[in-house]
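J.: Please read through the structure below; I'll follow up with questions.
The values are calculated or read from the model by the stated rules, or taken from the named source; none is laboratory data. Predicted, not measured: the structure shown is a model, and the values here were computed from it. Cβ coordinates were reconstructed from backbone atoms using ideal geometry, including for glycine residues, and neighbour counts include every protein chain displayed.
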Amino acid sequence: MFTKLGQNFLTDDSVAKQIVDSANLSPRDNVLEIGPGKGILTKYLARHAGRVLAVEVDRDLAESLQPVIARSAATKQSRTETGNTGLLRPPAMLRKAMRAGFARNDKLTVVKGDILKINLPKLVERENFKNYKVVANLPYYITSKIIRLLLETKYPPAEMILTVQKEVGERICAKNGQESILSISVKFYAEPKILFYVPKENFEPVPEVDSVVIKIKRKKSIPNVDVKKFFSLVRSGFSSKRKMLANNLSSSFRIPKAELWEWMKKARLGRGVRAEKLGVEDWVRLYRFIL
Ligand code: SAM
């Protein structure tokens, strides 16, 4: 079943614990959660991490996490809203939050906003969150856009534990020979890995497909290339699925095929190779010869 805003809520607490355990959190870790929904992951994150910043686009859901804030109205540290991000800071020692497993109120910040529209670097700076992990059960309709944002943003997370649609997760973690623009885009910056599968019956409403939890660990260094040009090469290589790499590149860059074969040979690639067979290192070698 397709839902508004990808709202398929996780219902099984033991799965939520398993997801949070996969992040290996310590009190020194800050966590960004995207789409906390009803908070099934949030409460465990707040229990194990130093601080949690949760960004939720749905006003009702964000507010359902706000008893935290509403109950504090009588206290000094009541709700504060700042600027356009609609930042909400839960006040100290709220009863509801304690019942839900939050250690202290200063653990959790709920932001009502669209993760694709808010100024993430600004938020990260303001929260002093530069060293952080992401843990999220992502809204499926914008999974790739969110992953791309987190890989390319000014202060990228060191690690992401993401629940995504099974097919998407498998495509991202593709083994050699089944690469795609998506897998190369992730592997350029990070090392993705499948952790475990979550059957669709663990969500409400039950979605059409199963999910998988993946880990995306940021690489210490990324290839030294012009990123825009590099990905225009990759996109050109994948432009027609049925064609060989040489044909795609030859028509995109208007290079005679004979010349292209020479470059490919130097890059240690066979003439008949297809784009899906190339790993990031192959693309980088090719880039150095062609661009
Ligand atoms: N974390 C909860 C769970 O595991 O049950 C909810 C996960 S649900 C798959 C995705 C959540 O992302 C929903 O709460 C939805 O409202 C929220 N969401 C959808 N689009 C969003 C966006 N652009 N920015 C922030 N949150 C978004």
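J.: List every residue pair whose Cβ atoms lie under 7 Å apart, where the two residues are 6 or more positions apart in sequence or sit on different chains, the first residue falls within the stretch 123-145 and is under 17 Å from VAL212 (Cβ atoms) and more than 7 Å from the ligand (Cβ to nearest atom), and the second residue, located anywhere, is at pLDDT 95 or above and in a helix (DSSP H, G or I).
T.: Going by the 7 Å Cβ cut-off, the qualifying pairs are VAL134/LEU150; VAL135/ILE19; VAL135/VAL20; THR143/VAL168; SER144/LEU182.
J.: Which condition does GLU152 not pass, out of (1) crowded, with 19+ Cβ neighbours inside 10 Å; (2) at pLDDT 80 or above, if it passes all the others?
T.: Of everything listed in (1) crowded, with 19+ Cβ neighbours inside 10 Å; (2) at pLDDT 80 or above, GLU152 misses just condition (1).
Residue by residue, here is whether (1) in contact with a Cys (Cβ under 6 Å, 6 or more places away or on another chain); (2) more than 25 Å from PRO199 (Cβ to Cβ); (3) part of a loop (DSSP other than H, G, I, E, B); (4) at pLDDT 90 or above holds:
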{"position": "ASN24", "(1), (2), (3), (4)": "no, no, yes, yes"}
{"position": "GLU33", "(1), (2), (3), (4)": "no, no, no, yes"}
{"position": "GLY37", "(1), (2), (3), (4)": "no, no, yes, yes"}
{"position": "VAL55", "(1), (2), (3), (4)": "no, yes, no, yes"}
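J.: Considering only the stretch 121-151, state which residues are closer than 28 Å to TYR197 by Cβ, in a helix (DSSP H, G or I) and of a type outside the set (A, V, I, L, M).
T.: Initial filter on the stretch 121-151 (closer than 28 Å to TYR197 by Cβ): 132-151.
Within this subset, residues satisfying the condition of being in a helix (DSSP H, G or I) are 140-151.
Across the stretch 121-151, the qualifying residues are TYR140, TYR141, THR143, SER144, LYS145, ARG148.
J.: Could I ask something else about it? Which number in (1) acidic (Asp, Glu); (2) surrounded by fewer than 13 Cβ atoms within 10 Å (Cβ to Cβ); (3) away from the ligand (no atom under 16 Å from the Cβ); (4) more than 14 Å from the chain's Cα centre (by Cα) marks the one condition that GLU167 misses?
T.: Checking GLU167 against (1) acidic (Asp, Glu); (2) surrounded by fewer than 13 Cβ atoms within 10 Å (Cβ to Cβ); (3) away from the ligand (no atom under 16 Å from the Cβ); (4) more than 14 Å from the chain's Cα centre (by Cα), the one that fails is (3).
J.: Within the stretch 262-276, is there a residue that is surrounded by fewer than 14 Cβ atoms within 10 Å (Cβ to Cβ), out of contact with any Ser or Thr (no Cβ under 7 Å at 6 or more places or on another chain) and in contact (Cβ under 8 Å) with a residue 60 or more places away in the chain?
T.: No, the conditions are met nowhere in the stretch 262-276.
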